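The values are calculated or read from the model by the stated rules, or taken from the named source; none is laboratory data. Bear in mind that the values here come from a model prediction, so they are computed numbers and not experimental data. Every residue, glycine among them, receives a Cβ derived from its backbone with ideal geometry; neighbour counts consider all protein chains shown.
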Amino acid sequence: MQRGLLLVTTLLLSNLFTNTLYAGIQKNLFDGKTSIKDPIGLRDPFKRPITIKKRETYSKGGVYRKGRIFTNQKGIEGAPISNIRVVGILLGKERRALVRLRSGEKGTFMLREGMKLGPERAELKAILPGGIVVVEKIKNIYNQEEYLETVIPVTDQ
């Protein structure tokens, strides 16, 4: 009985001694190497990194570039949302909106759902019989992202 008690206490004391020894070594090993300065700024390691591609639209000698497509027709992508007016809606399997610019530029542009408009890259979310719904992503004063919906009704010339 005494031998068993002596064996158990010896094992417990040796285990306690090795744990304190390893804890001291581990503390010295990781000391100064694991301090995270900005833990909120770190990304989630289980999600893919978000890459934002800038769409290039520029003019060079009358040729406009929209992504990978070169064309000689000017687009509506850079026009502010406040300058857009809806003159017609095409309903059906794929809805389309006919828009013109208020600046007096001639020409009608055809928009479809999901297109990006304006310098803020607002997305055309819905085309309804009465107009279109455009959603912009903005940052408020607390640096939080908010969505701002704008409804542009159909107007006659």
**Asked** Are any of the residues in segment 106-120 touching a helix residue (DSSP H, G or I) at 6+ places or on another chain (Cβ under 9 Å) and polar (S, T, N, Q)?
**Response** no
Checking LEU128, LEU98 in turn, the sole residue that is without any contact (Cβ under 8 Å) to a residue 24 or more places away in the chain, more than 30 Å from GLY41 (Cα to Cα), surrounded by 14 or more Cβ atoms within 10 Å (Cβ to Cβ) and out of contact with any Asp or Glu (no Cβ under 6 Å at 6 or more places or on another chain) turns out to be LEU98
Taking segment 113-131 and keeping only residues that are charged (D, E, K, R), part of a loop (DSSP other than H, G, I, E, B) and modelled with pLDDT under 90, one is left with GLU120, ARG121
